[in-house]
Amino acid sequence: MNIARAFFSLSALTVLSRVTGFVKVAAFAAYYGRSTEADMFMAIMIIPDLMYRFISEGLVSSASVPMFVDLRDQPEKLGRSFWTQFWLLSTIGGAMALLFAVFSGPICHSLTPGFAFEDLERMRFMWSIATICIVSGLAAGVLTSLLNARHRFAVPAIGALLFNLAIILGIFLARGGPVEIIAYATVFGSLLPVIWQFWLLYRENVFEVSLKAAMVFDTGVAREFLRAVTPVAIWISVLPFIPVYERYLLSMQATGSVATLNYAEKLFNLPLGIISISLAHVILPSLSLLHGHGRLRFLGRMFGFATLAILPVVALILLFADSIVSIVYQRGRFSTEDAAIAAALFRSYSLALLPVSLCMVLNRGYFAARNYLVPFFAGLSAAAVQFYLGARLVSAYGVPGIGYAAAAAYLTQMLILLALLKPGLSRT
């Protein structure tokens, strides 16, 4: 497989997805600005945002892609493995969605303790329906993993484009009115990638895709998957607490600070998605086919490529954050003051861009080697750093302190992954 061609094709598709993402956020900012409605909706968007982060961190692909690569020449076993993982993850996702819906009250209160009772009740309702995104996100994760294992990268990513278009439609239907309309559109949009990728899988004709063929569950496959994914899942399970913690800290700042965090994160996620996540998706199947020094050499080349690609982006953000934020967001109810605060947070967050990108590359090397304990340890260490520094840096620097804490956390994670790289990749 041509890595460069796969990377650039996926990156190009990701650019289209990110452009629609910016249209989505810019339109929302124009209609809602830094209002209470904006804070309310942005707080419930933590669910689809976290599912995106989970998948990009390798919650599903860390175990699924190596398993699918191993079975690439055995269609019957590949089909059993896929359907087992699909039903397993759908069941787990359904249980999690039900749990989060049942406890929507205390969760929403912990996210935004400064909200009035009426706003909390509206937020609780939207949170409950948004939990459907957990099921659809995990289902899309296993579908993407199978298609990626077959070196199909760009076309499956159209699902993210469809998701953004659904939300944009909801924003223009709401037109500054009840944000519940946009919440419905978000849930509908989360189902579109699953439908799209099932259609692609059907066209691939790798194994039978039918209701009869789907009625299978292999306990051996389920055990293998769970053994592999459990350390990653424990580490990633800590991730929801980080944005909750960040939003808790910013809810104590000026009104609209929670929305500011979401606006800055959308900008931060543009280069992260186009370069870092695209590269991570593309290299995992190839890493899974390599062993020993071959895997280490390939990973080293990808590490260098990611560094050279990301450093200029960080420099541009540090120099032109104010201009970027003004061009993207400053219209309608989004004022000059709003733009200045968002730019300061965007600038501080950019310091995390290089270490988080390199962590994604390094983690794929560990996943390919079926070594999940080192990423688990490194991820938990990074979370501990971010929790420790978050309140202190927000207290010292205000809203931008959130970005400084994230940068320190990801730098810690990257150093641990590098320190244990050679022995960690020698397991297989």
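Nothing in this text is a laboratory measurement; each read-out follows from the coordinates by a stated rule. From a predicted model like this one, the values you see are computed outputs, not experimental measurements. Positions of Cβ are backbone-derived with ideal geometry, glycine not excepted, and every protein chain shown enters the neighbour counts.
How about segment 43-63: which of its residues are closer than 15 Å to L261 by Cα, in contact with a Leu (Cβ under 8 Å, 6 or more places away or on another chain) and not β-branched (V, I, T)?
Across segment 43-63, the qualifying residues are A43, L50.
Residue pairs, Cβ under 9 Å, 6 or more apart or interchain, first in segment 239-258 and over 25 Å from A378 (Cβ atoms), second crowded, with 19+ Cβ neighbours inside 10 Å and among the aromatic types (F, W, Y). List them.
So the pair list comes out as S251/F115.
Looking at S81, S62, S35, which is the one that is polar (S, T, N, Q), within 16 Å of the chain's Cα centre (by Cα) and over 14 Å from K266 (Cβ atoms)?
S62
Any residue at all in segment 37-53 that's of a type in the set (G, A, S), under 30 Å from G365 (Cβ atoms) and out of contact with any Ser or Thr (no Cβ under 9 Å at 6 or more places or on another chain)?
No: zero hits.
Mind counting the residues in segment 68-87 that are over 13 Å from L143 (Cα atoms), part of a helix (DSSP H, G or I) and of a type outside the set (D, E)?
Filtering segment 68-87 down to residues over 13 Å from L143 (Cα atoms) leaves 69-77, 80.
Retained after the next criterion (residues that are part of a helix (DSSP H, G or I)): 69-70, 75-77, 80.
Next cut, of a type outside the set (D, E) only: 69, 75, 77, 80.
Going through segment 68-87 one residue at a time, the tally reaches 4.
Would you point out the residue of segment 208-234, among those that are assigned to a helix (DSSP H, G or I) and more than 26 Å from the chain's Cα centre (by Cα), that is nearest to V65 (Cα to Cα)?
Pass one, segment 208-234, residues assigned to a helix (DSSP H, G or I): 211-214, 219-234.
Next, from what is left, pick out any that are more than 26 Å from the chain's Cα centre (by Cα): 211-214, 219-220.
Working: L211: 23, K212: 24, A213: 21, A214: 19, T219: 18, G220: 17 Å.
The extreme case among them is G220.
I324 fails exactly one of the following numbered conditions: (1) within 20 Å of G21 (Cβ to Cβ); (2) surrounded by 21 or more Cβ atoms within 10 Å (Cβ to Cβ); (3) in contact (Cβ under 8 Å) with a residue 40 or more places away in the chain. What is the number of that condition?
In the conditions (1) within 20 Å of G21 (Cβ to Cβ); (2) surrounded by 21 or more Cβ atoms within 10 Å (Cβ to Cβ); (3) in contact (Cβ under 8 Å) with a residue 40 or more places away in the chain, I324 misses (2) alone.
Can you tell me which residues in segment 170-208 are free of Cβ contacts under 8 Å to residues at least 24 places away in the same chain, in contact with a helix residue (DSSP H, G or I) (Cβ under 6 Å, 6 or more places away or on another chain) and under 23 Å from S35 (Cα atoms)?
Within segment 170-208, G170, L173, I181, A185 meet the criteria.
Scan segment 43-102 residue by residue and report those that are over 30 Å from Y245 (Cβ atoms) and polar (S, T, N, Q).
Q74, S81, T84, Q85
Which ones in segment 291-304 are in contact with a Leu (Cβ under 9 Å, 6 or more places away or on another chain) and closer than 22 Å to S9 by Cβ?
F298, L299, M302, F303
Tell me, yes or no, whether segment 369-386 has at least one residue that is touching a Pro at 6+ places or on another chain (Cβ under 7 Å), closer than 23 Å to T230 by Cβ and in a loop (DSSP other than H, G, I, E, B).
Within segment 369-386, one or more residues are touching a Pro at 6+ places or on another chain (Cβ under 7 Å), closer than 23 Å to T230 by Cβ and in a loop (DSSP other than H, G, I, E, B).
For the condition surrounded by fewer than 16 Cβ atoms within 10 Å (Cβ to Cβ), free of Cβ contacts under 8 Å to residues at least 40 places away in the same chain and of a type outside the set (D, E), what is the one hit in L99, L71?
It is L99.
Keeping to segment 390-407, report how many residues are surrounded by fewer than 20 Cβ atoms within 10 Å (Cβ to Cβ) and over 12 Å from L249 (Cα atoms).
So the answer is 2.
Only one residue in Y202, Y184 is more than 25 Å from S61 (Cα to Cα) and not in a loop (DSSP other than H, G, I, E, B). Which one?
The conditions single out Y184.
Can you pull out the residues in segment 187-225 that are within 30 Å of A174 (Cα to Cα) and in contact with a Phe, Trp or Tyr (Cβ under 8 Å, 6 or more places away or on another chain)? Break it down into steps so the answer makes sense when it comes.
At the first step, the residues of segment 187-225 found to be within 30 Å of A174 (Cα to Cα) are 187-197.
If the condition is that a residue be within 30 Å of A174 (Cα to Cα) and in contact with a Phe, Trp or Tyr (Cβ under 8 Å, 6 or more places away or on another chain), then G189, S190, L192, P193 are the ones that fit.
Residue-by-condition table, conditions (1) surrounded by 20 or more Cβ atoms within 10 Å (Cβ to Cβ); (2) within 24 Å of P66 (Cβ to Cβ); (3) in contact with a helix residue (DSSP H, G or I) (Cβ under 9 Å, 6 or more places away or on another chain):
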position: G94; (1), (2), (3): no, no, yes
position: H109; (1), (2), (3): no, no, yes
position: T112; (1), (2), (3): yes, no, yes
position: I129; (1), (2), (3): no, no, yes
position: F153; (1), (2), (3): yes, yes, yes
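So which of L284, L316 is over 23 Å from S9 (Cα atoms) and assigned to a helix (DSSP H, G or I)?
L316
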